Each structure stands twice: as structure tokens, then as C-alpha cells.
Amino acid sequence: MERVRVGVVGTGGIFVGAHLPAYPEIPEAQIVALCDVSQAALQRAMKRLTELYERRAQRAEEEGDKERAEQLRRDAKEVKLYTDYNEMIRREKPDLVEICTSPDFHAPVAIAALKAGCHVMCEKPMARTWLECIDVCEVVEETGRFYQHNENWLFDPFYYTARKLIDSGVIGEVVAMYLNTSHAGPENRLVFWDEWRSGGGSLLDNGIHAVTASWYLAGFDKKPVIVKAAEPVGITQRMKYRIIDNRYREFRVEDDGHILIRYEHPETKAWATAHVEGSWSNPDSPPTVILGTTGSLRPVWDEGRQFVEITDSFGNRRRVEATGPTWTFWPSSFYGEIINMVRCILNNTKPLCDHNIGAESQAIVGAAYLSQREGQRAVTLDEFKSWALQIRKKHGKKANEVLIEEQLKGVRR
């Protein structure tokens, strides 16, 4: 079997808790190296990897697949550990580099890996700023390597099933949608509240899921054209102090963001509108629903099973189970995105959610920050990009930090 050799950079919570459990289920993928600046994080990840691979090997033996059991145990023993990603890339020469670091490392690691001839898949957001994203995009185009923007919602049972129903015409033409991604916040996890490492707050970290998913549901053939910080909340700080780094302190990023996005087809001019909430202060916008010209779709849970509820124009309701081909175990959406990228590499096929999707999703958030900064007026993506490029022209190497500061000026109390 042809296999994709994977080097992982960043072995914190998102990797250990969501990505790592998928790898023993993907024979085509072989983790050859783990890299993290923290030795403690590396050791925790390696311990968990060994446990997961041994558990899967035992299951393979019970299924009578001794060859797979031996492969899993061999893979676990051969994983190398690094604290320098450049050294890992140079010595291991992986086919694919998976990036699960904080956002300030997303662009530098991606660029280094691409230039070394590796394919890349990177956690959301693509980078701290749109300027960093376009740097990555240039290298993707120069090298011809594949880049996957890892938006796991595209492989989530609800969104995948909803997209199929939309394609089938069951609700007519998509007109609008509410996508709500909210929780109480990553209270004591310092990196999320540090704008210089993360680029922003709840909208960029949490809301970015719904941003890309709303585009997916509207159709990637449409393009995001205009964005507005939505009244009355906009993009703001709902709380003044939080316990961060085990002490009450002020913070400088948003903990709630409500935005409107218009997607438009470049030829037909057909459009759809999305309202996205990305919040660390719990939800206060309507629950997720997709509205069409002849009906609507919404997620429903019943006795531990997820469904897509279809409501027609007469108010009649029926349910379709939310399912798909990659739901082998929880968290299925992460398994889906990883195996998708592995299969894309093996089949020499560009991934659907590529560098352009990642960069434009980032531009949507940037335009929303600019909208909030300028009194919540609507801002086109072209206007935002021109503004960002002017900052780059004026400030050079400091442009990303200046852009972060300027974007967040409308957020702070």
C-alpha cells in the first residue's frame, strides 16, 4: 500500500484530542515525526499515540488482521521527536506536514514546509492576518504543492448532509442562514487571548468555523463580496475581566462577534446572505438554520442521533439522518478532513477547501473588523484588501502587527 508520511508540528490539545485519534484508523497515513517546542507536550503526545496505536493493534488482532497490527506497532516505535520544525522537515522529508500550532506559527511553518517540497494541511485560522495568508498562497502557487485549510465542519454530518440536500433542491435556492458557534470561552488558555499570537479573539478563532461553513453552504462557486459587523452587538467585548492565566485580568480581543456576509456568483449575480456569531460569551443570536426559497433546514438531535429537519413552505416537517461516508467514530469530522487530504495526495488531486478558501475566509474576518472599526458600516472585501495592502506598503516587516492593532481598534472598550 502506498502511504503518506506525515510530520506533525504542534502537539497540543487540538492534535492530541481531535487529530491524533484519527490516525490509527487511516492505514494510508504514517506519522513519522512529532514536533513541538515543549518537551512536556511532546512526551504527552507520544504517550497518547502509543496508547491509541496499541489499542487499535489489539483490535486488528481480534479482527484477524495481524499484518495491520504489526504495522501499527511498528509505526508507533518509529516516530521521531523534534523541537525544531526546520530540522524535522530537513531530516524526515515528510510528504505532508500537519500544522496544529498557535496561529502565529501557521504561516512560517507552512511556508517552510512548502518550500521543502511538502504538502501542507493547517488548522484554522489560516494565519493571524490576511497578509500572512497571501504570503502562504504565493508559495503554494510557486511550488505546486497542495494546501488544505482544515475546516472540519465541512466533514461534519450535519453540514455535509445539509449541503447534499441543498444540491438536491429540497429547499429551493439558498437565501440566508444563521450559523451560531458559541461557548463560554477558553477561560484560562492564555494563547487565545493574546492578539499577537492569535491575531484576534472569538470571531477569528471560533467564528471562523461558521464563516467557512456558511460559504460552503452558499456554494463555493459564489464569492464573498461584502461584510458588515451586525447591529446591535457587532464585534465587541461583552465582559471587562476574565480569569486568564489563573488571575482576573483585562483582555484586548473580542469575546463576541456578530457579522453579516454576502456571497455572490460572479456571473449570474445570484446571492446568499449569512449571519455568523462567533462568541466566547455564550449565544445570543438565533440558532443555526438555513433558509431557502421553498423551505428550511436545521439540525435536530433525538435520542443521541443527529438529523437534518426539513420544513417546507407549508410548515410540514420531515427528518433526514445526518450521515456520510467518514463517520467511523467521534470525532468524525477530523477523521474526514485528514483522510481527505491523504487521499488527495495519493490521487494527485487538489483539496476542495484549499489555500484560497482559507485566505478568503480570513479576509472576511478582516473586513468585519474594519466594518466594526468604522462604525459598523458595510465593507467590501476589495476595500479591506486595499486597506491591508496599504498598511503593508507603509510598514513593511511590521505590517502584520500593525494590521492586528488597527483591526482591533473598534473592538476595545
> For labels at I243 and E303 in the simple 7 Å Cα→Cβ model, what's the distance in nm?
Replying inline: 4.0
>> Testing the spin-label approximation: label points 7 Å from Cα along Cα→Cβ at K394 and K223. State their distance in nm.
In response: 2.7
> Using a Gaussian network for the chain with springs between C-alpha atoms less than 10 Å apart, which of these wobbles most: N348, N206, N356?
Replying inline: N348
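With contacts defined as alpha carbon pairs under 8 Å and 6 or more residues apart, what's the relative contact order of the chain in percent?
After rounding, I find 18 percent.
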> Which residue fluctuates the most in the chain, going by a Gaussian network model with Cα springs under 10 Å, if the choices are D221, D95, D104?
Replying inline: D221
>> Distance between the C-alpha centers of region 99-130 and region 138-173? Whole Å please.
In response: 19
> What is the Cα centroid distance between region 356-413 and region 200-255, reported in whole angstrom?
Replying inline: 14
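By its C-alpha gyration tensor, with a ≥ b ≥ c as the square roots of the eigenvalues, how is region 154-321 shaped: rounded for a/c under 1.5, else prolate for a/b larger than b/c, else oblate?
Prolate.
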>> Below 8 Å, C-alpha to C-alpha, sequence gap of six or more: please give me the relative contact order for region 154-321 in percent.
In response: 30
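So what's the back-of-envelope 222 nm ellipticity for the chain, counting only DSSP H runs of four-plus at -39500 (n - 2.57) apiece and dividing by all residues, rounded to 500?
So the helix-based figure for the chain works out to -12000 deg cm²/dmol.
What does the charge count around T293 come to, taking other residues whose C-beta lies under 14 Å from its C-beta (Lys +1, Arg +1, Asp -1, Glu -1)? If you can, show how the numbers build up before the last one.
Values: positive: none; negative: E173, D312.
Neighbour charge sum, excluding T293 itself: -2.
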> Simple spin-label model, 7 Å along Cα-to-Cβ: R319 to K47 in nm?
Replying inline: 4.1
> If you keep only loop residues by DSSP, which trypsin sites (Lys or Arg not before Pro) in region 101-194 have at most 14 other Cβ atoms within 10 Å of their Cβ?
Replying inline: R189
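Laboratory data are not the source of any read-out in this text; all were calculated from the coordinates shown. Remember, predicted model here, so these are calculated numbers, not experimental data. Backbone-built Cβ (ideal geometry, glycine too); neighbour counts: all protein chains shown.
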